[in-house]
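Written below as structure tokens is the structure these notes are about.
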Amino acid sequence: MVTDLLSRIANYIIDRKLRSFHEQLKMKELTEYDLEVMDADGDGNVTRAEFLEFMLVAMNKVDQNLLNDLQELFHRLDEDNSGTLSKQDLKALASRKKTKHKLEMAEYKRQLLEKADRAEQARMRNGRWFSEKGNTGTSVADLINNEVGVDDLDF
């Protein structure tokens, strides 16, 4: 009960100080130094986005690390580096992911084929490959090709 009361008093004091700070921030006149600090890209002008980002961080509404993470996400999504997000950006991103998956599958197949080749050569050296019961001479590589089906991928 006492802890709850102390917590409420502390929250009230913090809220009052924040409101006071926010009011002071709104009333403050901007200086050239303020503009320099807000000008994130250093082009001599403060955009609406730069102003909002600066103010949100200054008012402790947003953490700078979160803003940095969001900016990084935006740049990853902006495939054509136009500074905007469009349907074409999303389509290009999806296509790139699909191509990456195909390349990963092709690499996986290549590794399997290399292992199969080594195993087949070792069996042939030992004279066991064609003498195994029921083996018609189908290579392990052919079996892998039929199983993995990566040949169907378009590049």
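The values are calculated or read from the model by the stated rules, or taken from the named source; none is laboratory data. Just so you know, these numbers come straight off a predicted model, no measurement behind them. Positions of Cβ are backbone-derived with ideal geometry, glycine not excepted, and every protein chain shown enters the neighbour counts.
Summary of computed values
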| quantity | calculated |
| --- | --- |
| The lone exception for residue 67 - which of (1) assigned to a loop (DSSP other than H, G, I, E, B); (2) touching an Asp or Glu at 6+ places or on another chain (Cβ under 8 Å); (3) under 30 Å from residue 28 (Cα atoms) it fails | (1) |
| When residues of region 1-49 are limited to those that are within 29 Å of residue 74 (Cα to Cα) and touching a residue at least 24 places away in the same chain (Cβ under 8 Å), the one surrounded by the fewest Cβ atoms within 10 Å (Cβ to Cβ) | 25 |
| Residue tally, condition modelled with pLDDT under 85 and surrounded by 12 or more Cβ atoms within 10 Å (Cβ to Cβ), over region 56-88 | 2 |
